[in-house]
Amino acid sequence: MRGMQVETLRWRNQKLEMIDQRVLPASLVYQSYDSAAGVAEGIRSMVVRGAPAIGCAAAYGVALEASRLANDHPDIFSAKLEAGFAALAHSRPTAVNLFWALARMRGVWESMRAAAPRQIAARLLHEAHAMLEEDVRINRKMGEHGAALLSQEARVLTHCNAGALATAGHGTALGVIRSAVEAGKRISVIADETRPFLQGARLTAWEMMQEGIPVTLITDGMAGFLMSRGEIDVVIVGADRIAANGDVANKIGTYMVAVLAQRHGLPFYVAAPISTIDLAMASGAGIPIEERDAAEVRGFQERSWAPPGVAVRNPAFDITPAELVTALITERGVVHAPNRERISALLSSS
Ligand code: MRU
């Protein structure tokens, strides 16, 4: 019997609760939120992370802010809700799902501007709940499409955490793995530790172990060696933003893995929902890349091992050019050798 999947985000007592992913796997604790500013800080500080999960959190941030302001005069309600949108939009720059979710919430608000704040707040909360449920459905669809690409005993390398913790449930890259396991395949996972925030070591390894899916942890620098020894069959990662031409922004280190996969003739798959595709971005060159605090590279949490004051670069994401992507796995199907035409055909299909 496999273990239950975690609830990364949940609605309890009129508040949003999110697992504090900074302290996993040592502790499994929820933080509680009742405002847009609070949720924005939760996203910025990475209590919640992973593109689809950030999108869902932002939707709840808007809904919480609207209910907090529901007794205000409509003009004050509008001005303050607008400020809530702005706070959420400034939390993290790279994952487009955040902006996608805010745009969807804004669309709902705009469709009922004349309504009373209380009605607007109720409708926005309904939308946030719908987005959370949809995300799980989408991930399951993606999982079905992706599972068909994996051989019976595939050894799958993944980078970062694109699992239940990065989504409303099931996951994108790990969703493909979960679906393949559910379909009876004997999949094993090799998890890159994913410096500097250690999403692979702390989150992917933990998620897989919770469910009894065989997982082996490696440091990021070991992937090439294992590929050269024939110990990896396929790579699957998630994405934070996919440009119109198929370039993929994902966790720092993904590009390195994609180059290695090409060198060793291994398929490199990117599993992501349609909401991760940003047609406004012609190529990966325009995607904003978050630079995080130098302390994350000098050490981890309270510990620092580098010489104090050493210069540091800490880009949190990189760009994998479309030519290195074997296929995109989406809820609408698989796009082999993604390029502008194939992505646009996918988006116009239903
Ligand atoms: O900085 P993070 O942890 O938010 O980065 C997460 C990733 O890069 C994931 O691979 C991506 O969001 C896809 S999650 C389904």
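What to note about this one:
- A crude spin-label estimate for the pair residue 183 and residue 306, with each label 7 Å from Cα along the Cβ direction, gives 4.2 nm.
- Cα-derived Rg to Rh of the stretch 214-270, Kirkwood definition: 0.97
- Surrounding net charge for residue 336, when Lys and Arg each add one and Asp and Glu each subtract one, Cβ distance under 15 Å: +1
- Note on residue 11 and residue 259: the extension gain reaches 85.2 nm, defined as 0.36 nm multiplied by sequence separation minus the Cα-Cα distance.
- FRET efficiency estimate (nearest 0.05) - Cβ-Cβ, residue 110 to residue 336, R0 25 angstrom: 0.10
- Distance (nanometres) between label positions extended 7 Å along Cα→Cβ at residue 151 and residue 27: 4.5 nm
- 33 Å tail of the calculated P(r), the chain, as % of Cα pairs: 26 percent
- For the chain, the carbon plus sulfur part of the accessible surface works out to 54%, probe radius 1.4 Å.
- Here is the list for the stretch 282-350: trypsin sites (Lys or Arg not before Pro) lying in DSSP coil, each with at most 11 other C-beta atoms within 10 angstrom of its C-beta, are 313.
- Protein heavy-atom accessible surface, 1.4 Å probe, per residue over the chain: 42 Å².
The values are calculated or read from the model by the stated rules, or taken from the named source; none is laboratory data. On a predicted model such as this, the values are computed, not experimentally measured, just so you know. Cβ coordinates were reconstructed from backbone atoms using ideal geometry, including for glycine residues, and neighbour counts include every protein chain displayed. Remember, those area values only see protein heavy atoms, side chains included, never the ligands or the DNA or RNA. Shrake-Rupley method; radii C 1.70, N 1.55, O 1.52, S 1.80 Å.
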